[in-house]
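Below is one structure, written out as structure tokens, with a few remarks after it.
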Amino acid sequence: MKVFAIIVNQGFDLSYAILQSCKAVVRIPCQSNPANTLRIDMAQNQLKKLLGVGFGVAVTIGGTIGTGILRKPGPIAQDIGDPTLIIAVWLIVGVYALAGSLSVMELGTMLPKAGGWYVFAHRAFGNYAGFIIGISSWLGSVSAMAFGAAVMSEYTALLFPSAVAYQKTIAIGILILFVAFHSIGVRLASRAQEVMSVLKAVGLLAFVIVCFAVTPKESALTENTIRPLAEGGVWLGILAALQSVFYTYDGWHTAAYFTEEDVDPSRNLPRSMISGVLLIIGIYILVNLALLYVLPVSTLAGSKLPAADAIQLLFGPGSAQVVTFLLMISIMGIINAQIMFNPRVIFAMGRDGLFFRFVNQVNAGGTPMNATMLTAGASILMILTNTYGKLSDIATFFFVLCYASAFAALIRLRQTEPNLARPVRAWGYPFSTWLLLMASLAFLVGVVIGDFSSGMYAIGFIIVSYPVYLLIKR
């Protein structure tokens, strides 16, 4: 065992590679008082290399496919009203996610650290940009996790009506149980993710097969009327639909959060991301085709839960509970993925001195427990204060902002660090990456125009973030 003693008079830069190789106690002097040292037990603060391709595909599917695919087709049909355009919107965003994964693969294999978007922005643009992207990514997923737990409590109340009065307690209890489960370790959590993702994919594909194979017990309207586009006009309707679809696709990048824990990220990350995104695109398109096959567009447009309406049409009253059960499995999978990847954002930020240091503790099972408890605690606070709904409204802005930052980071790092090892290179660079960046920025502008109040909240957050950054950094 080696002990490194580092003594400097003015500042220091301890590289990540040295920290990774050190297995003992590092003593780092305090700049203001060299007599004081910060002790870091590196053996207790390293993530473990336990993950592979199977987990990468599972966490991509689990971190992306949630309730959106079974809930959003209704509002999207209302926004657009044309079956061809509905499928086109889902396919366009899917192609965007696939092309984005080809760029993120270069970043993830070039910088194999936990933290995802934060790591790329921090390396390319410095501390403040990294802080904004990291906090935006973290808060967006915290609100999504709170929303998922709240929705799961609603579905629990549907199955067990006596639980209606305890929905908040159930939602909080769900998050606490997930924290306790993840405290056991990454190996068990990753296996659970694989199982839940398989169940989710099989359940959705079974839904598709049933929709095409079973003759409805009730007669549906035979008129599959193509409505005019949204009342606000063609582009506002498409923009609203795109915003909904973007939200359902968010998570295509999830495997990039775990490159530090991957046994061979250069080989596994490309396979995980491409396979996962292609499966997601296929499932989303098939589910929409199945819904359009069973339900008239006019019925689909007025449905809050079209998958349940389709099953009820096929099998009669009471059968919609099957969809409720499928939704609960889907939510469990996405919460499990979120409570795995989101704490790694603030873990990475804390390691770089841009968040509170206590989030850096890793338990014996490889879980960053303090970061996990803080992340779940923030979601619980949102549930108690009912603020997760508003944050969920602006979450799409944060998500696409993170996408844009990654594409910009790839372009900048190609210029500033051309000699950095790149096991995988983005296909079609620079044209593909520039196109994705411009598309992301255009969508951000469109979000602000289409939902001005939510856009102002997001921009206001960015403005307020600077004094918060200074406070935390100090």
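The values are calculated or read from the model by the stated rules, or taken from the named source; none is laboratory data. Keep in mind the model is a prediction, meaning the values are calculated, not measured. Note: ideal-geometry Cβ built from the backbone for every residue, glycine included; neighbour counts use all protein chains shown.
Checking L85 against (1) touching a helix residue (DSSP H, G or I) at 6+ places or on another chain (Cβ under 6 Å); (2) in contact (Cβ under 8 Å) with a residue 40 or more places away in the chain, which single condition isn't satisfied?
Checking L85 against (1) touching a helix residue (DSSP H, G or I) at 6+ places or on another chain (Cβ under 6 Å); (2) in contact (Cβ under 8 Å) with a residue 40 or more places away in the chain, the one that fails is (1).
From the list A290, A308, A348, A337, pick out the single residue that is of a type outside the set (D, E) and modelled with pLDDT under 85.
The conditions single out A308.
For L291, which of the numbered conditions (1) touching a Pro at 6+ places or on another chain (Cβ under 6 Å); (2) under 27 Å from A406 (Cα atoms); (3) not β-branched (V, I, T) fails to hold?
Tallying (1) touching a Pro at 6+ places or on another chain (Cβ under 6 Å); (2) under 27 Å from A406 (Cα atoms); (3) not β-branched (V, I, T), L291 fails exactly one: (2).
Quick check: is even one residue across the stretch 272-280 surrounded by fewer than 24 Cβ atoms within 10 Å (Cβ to Cβ) and of a type outside the set (A, V, I, L, M)?
Yes, the stretch 272-280 has at least one match.
Being among the hydrophobic types (A, V, I, L, M, F, W, C), modelled with pLDDT of 90 or more, within 30 Å of A241 (Cβ to Cβ) and in a helix (DSSP H, G or I), is that true of even one residue in the stretch 458-473? Steps first, please.
Taking the stretch 458-473 and keeping what is among the hydrophobic types (A, V, I, L, M, F, W, C), we get 458-459, 461-464, 468, 470-472.
Retained after the next criterion (residues that are modelled with pLDDT of 90 or more): none.
No, the stretch 458-473 contains no residue that is among the hydrophobic types (A, V, I, L, M, F, W, C), modelled with pLDDT of 90 or more, within 30 Å of A241 (Cβ to Cβ) and in a helix (DSSP H, G or I).
Kindly indicate the residue of the stretch 242-274 that is under 19 Å from the mean Cα position of the chain (by Cα) and not in a helix (DSSP H, G or I) and also nearest to R71 (Cα to Cα) among those meeting that condition.
That would be D250.
Could you tell me whether any residue of the stretch 157-166 is assigned to a helix (DSSP H, G or I), closer than 26 Å to I280 by Cβ and touching a helix residue (DSSP H, G or I) at 6+ places or on another chain (Cβ under 6 Å)?
No, every residue in the stretch 157-166 fails to be assigned to a helix (DSSP H, G or I), closer than 26 Å to I280 by Cβ and touching a helix residue (DSSP H, G or I) at 6+ places or on another chain (Cβ under 6 Å).
Could you tell me whether the stretch 169-186 includes any residue that is of a type in the set (S, T, Y), surrounded by fewer than 22 Cβ atoms within 10 Å (Cβ to Cβ) and more than 16 Å from the chain's Cα centre (by Cα)?
Yes, some residue in the stretch 169-186 is of a type in the set (S, T, Y), surrounded by fewer than 22 Cβ atoms within 10 Å (Cβ to Cβ) and more than 16 Å from the chain's Cα centre (by Cα).
Test G365 against the stated conditions and say whether it is in a loop (DSSP other than H, G, I, E, B) and either at pLDDT below 90 or not assigned by TED's automatic domain parsing to the domain that holds V59 (or both).
yes
One residue is enough: does the stretch 236-259 have a residue meeting the conditions among the β-branched types (V, I, T), more than 30 Å from T215 (Cα to Cα), surrounded by fewer than 24 Cβ atoms within 10 Å (Cβ to Cβ) and at pLDDT below 90?
There is at least one residue in the stretch 236-259 that is among the β-branched types (V, I, T), more than 30 Å from T215 (Cα to Cα), surrounded by fewer than 24 Cβ atoms within 10 Å (Cβ to Cβ) and at pLDDT below 90.
Return yes or no: is I133 surrounded by fewer than 23 Cβ atoms within 10 Å (Cβ to Cβ) and modelled with pLDDT of 90 or more?
Answer is no for this residue.
Could you grab the pairs with beta carbons closer than 7 Å, sequence gap of 6+ or different chains, first residue in the stretch 411-427 and part of a helix (DSSP H, G or I), second one of a type in the set (K, R)?
Within 7 Å, the pairs are L413/R123.
Which number in (1) outside any helix (DSSP H, G or I); (2) under 26 Å from S197 (Cβ atoms) marks the one condition that M328 misses?
That leaves (1) as the condition not met.
Any chance the stretch 356-363 includes a residue that's surrounded by fewer than 24 Cβ atoms within 10 Å (Cβ to Cβ) and more than 21 Å from K473 (Cα to Cα)?
Yes: one or more hits.
Considering only the stretch 67-140, give the helices (runs of 4 or more DSSP H) lying wholly within it that have at least 2 residues that are within 18 Å of the chain's Cα centre (by Cα) and under 30 Å from I472 (Cα atoms).
Working: elements: 68-71, 73-80, 83-110, 117-125.
Qualifying helices (runs of 4 or more DSSP H): 83-110, 117-125.
Whether any residue in the stretch 206-221 is of a type in the set (A, V, I, L, M, F, W, C), at pLDDT below 80 and loosely packed, with under 15 Cβ neighbours inside 10 Å is what I want to check.
We begin by selecting, within the stretch 206-221, every residue of a type in the set (A, V, I, L, M, F, W, C); these are 206-214, 220-221.
From what's left, at pLDDT below 80: 220-221.
From what is left, the residues that are loosely packed, with under 15 Cβ neighbours inside 10 Å are 221.
Looking for residues that are of a type in the set (A, V, I, L, M, F, W, C), at pLDDT below 80 and loosely packed, with under 15 Cβ neighbours inside 10 Å, one finds at least one in the stretch 206-221, hence yes.
Only one of (1) modelled with pLDDT of 90 or more; (2) assigned to a helix (DSSP H, G or I); (3) crowded, with 23+ Cβ neighbours inside 10 Å; (4) of a type in the set (S, T, N, Q) fails for T396. Which number is that?
The one condition T396 does not meet is (1).
V277 - would you say it is within 23 Å of the chain's Cα centre (by Cα) and either among the aliphatic types (A, V, I, L, M) or not assigned by TED's automatic domain parsing to the domain that holds I86 (or both)?
Yes: the conditions hold for V277.
Being within 26 Å of I411 (Cα to Cα), among the aromatic types (F, W, Y), modelled with pLDDT of 90 or more and buried (at least 24 other Cβ atoms within 10 Å of the Cβ) is true for just one of Y118, Y128. Which residue is that?
Working: Y128 fails: buried (at least 24 other Cβ atoms within 10 Å of the Cβ).
Exactly one of Y118, Y128 is within 26 Å of I411 (Cα to Cα), among the aromatic types (F, W, Y), modelled with pLDDT of 90 or more and buried (at least 24 other Cβ atoms within 10 Å of the Cβ), namely Y118.
Can you run down the residue pairs with Cβ atoms below 9 Å, 6 or more apart or on separate chains, where the first is in the stretch 462-474 and assigned by TED's automatic domain parsing to the domain that holds N127 and touching a residue at least 60 places away in the same chain (Cβ under 8 Å) and the partner is surrounded by fewer than 12 Cβ atoms within 10 Å (Cβ to Cβ) and aliphatic (A, V, I, L, M)?
Here the result reads none, with nothing in the stretch 462-474 linked to a residue that is surrounded by fewer than 12 Cβ atoms within 10 Å (Cβ to Cβ) and aliphatic (A, V, I, L, M).
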